[in-house]
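Below: one structure, written as structure tokens.
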Amino acid sequence: MPEKTKIKTSIGGSALIEGIMMRGPKRTTVAVRMNDKSIYTEDIQFKYIGSKSKFFRLPLIRGFVTLIDSMRLSMKCLMLSAEKSVEGTEEETEEPSKFEKWLEDKLGDKLFGVIMTLASILGVALAVLLFFAVPTFIFNSLAKVAPALDKGTIWRSVFEGILKIAIFLVYIIIISRTPDMKRTFMYHGAEHKTIFCYENLEELTVENVRKYKRFHPRCGTSFMIIMLLVGIIVGLFITAKNPLLRTAIKLLLLPVSCGVGYELIKLCAKYDNVFTRIIAAPGLAAQRITTIEPDDSMIEVAIAAIKPVIPENGEDRI
């Protein structure tokens, strides 16, 4: 069940490498724990697609636009946190290879950004393969053994949807075992707990933040789970069986799943009733994996990130 709060805010954020990004109505701030244990903060300047036209802010349209903006903003903030978190660290001196020297000569200071961009492209390609093509391929293989499964689109859509959710959960369980991702998930927990503290109008101190839950209905994890569930319904209208064609159609219909999922998340953020609790339940359950109880130093970073983005006139309140 979501945490009971005195107010509801539009302020949100994301966990970074040894840091947190918080986004308010007017400011976006990144706070990073430096190698010397100090906290570095920086306001992020960012041009949102959604601010360019009223059309991009229409219901069902704004969901996909917000997803694109969030991915772009997260990448920018992630690159900043990666750079700041390693500043001042003593690295072992190792003679760079000829290829590394060539890259440094050609790209210079842009090398890190290029690497991050390539990693993002590979990540998107892997996501398309795992979440779109693989479930269709597996179902087609099973349908050859048991043709009764392939009568109508219901079984296919349900099977593919459940498999996508299973792949997503297994993936985050595996990466949560790595030390770096475990710390990122701890910062994720600190982000949620700090927002809950603010929504309860308590002073933002480590002691106050520490007592709140780490599960929040407006989390990106919840959005992903809801989007995958909505995708099951969308899949009912896709009759193509060829993996490539079916994957292409799913990608074209992705804005529909994003749009519906986003509106459902907004409902969960605004209202607390039986209907919204049912919608929020799967995402809140998944957050038991993607959030971990933070230590006090991480809560300090979350507080440093949220304070600058809180507006004085309360325009963040829903």
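The values are calculated or read from the model by the stated rules, or taken from the named source; none is laboratory data. From a predicted model like this one, the values you see are computed outputs, not experimental measurements. Note that we place each Cβ from the backbone using ideal geometry, even for glycine, and neighbour counts take in every protein chain shown. Only protein heavy atoms, including side chains, enter the accessible area calculation; ligands, DNA and RNA are left aside. Shrake-Rupley method; radii C 1.70, N 1.55, O 1.52, S 1.80 Å.
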Area projected by the alpha carbon convex hull of the range 158-286, averaged over all directions, nm²: 9.5
Surface per residue (accessible, 1.4 Å probe) for the chain, Å²: 56
Calculated P(r) of the chain - Cα pairs past 25 Å, %: 56
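Multiplying the sequence separation of I44 and A133 by 0.36 nm and subtracting their Cα-Cα distance, what value in nm do you get?
28.4 nm
Only bridges with both residues in the chain count here: give the DSSP antiparallel percent, nearest 5. Working shown, then result.
On the way: 16 of 16 bridges.
Beta bridges within the chain, antiparallel portion: roughly 100 percent.
Relative contact order for the chain using alpha-carbon pairs under 8 Å, separation at least 6, rounded to a whole percent?
32
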What spacing in nm lies between the two simple spin-label points modelled at N242 and R288, each 7 Å away from Cα in the Cβ direction? 4.3
So if we plug the beta-carbon distance of I162 and D36 into 1/(1 + (r/R0)^6) with R0 = 35 Å, what FRET efficiency do we get, rounded to 0.05? 0.15
Modelling each spin label as a point 7 Å along the Cα-to-Cβ direction, I'd like the I115/N140 distance in nm, to one decimal. 3.8
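Highest first, please rank the peptides 60-71, 305-316 by the mean number of other Cβ atoms sitting within 10 Å of their residues.
Values: 60-71: 18.2, 305-316: 15.7.
Peptide ranking by packing, descending: 60-71, 305-316.
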What FRET efficiency comes out for the pair L251/V86, r = Cβ-Cβ distance, R0 = 45 Å, nearest 0.05? 0.80
Need the list of lysines near K266 for cross-linking: C-alpha distance under 24 angstrom, and skip anything on the same chain fewer than eight residues off. K4, K6, K8, K26, K47, K52, K54, K164, K193, K213, K250, K307
Averaged over all directions, how much area does the convex hull of the C-alpha atoms of the range 269-318 cover when projected, in nm²? 5.0
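Taking all protein chains as present, what is the carbon and sulfur share of the accessible area of the range 214-294, in % to the nearest whole number, probe 1.4 Å?
Carbon and sulfur together cover 74 percent of it.
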By average C-beta atoms within 10 angstrom, highest first, the peptides 231-243, 157-169, 207-219, 188-200: 188-200, 207-219, 157-169, 231-243
Multiplying the sequence separation of R277 and L169 by 0.36 nm and subtracting their Cα-Cα distance, what value in nm do you get? 36.8 nm
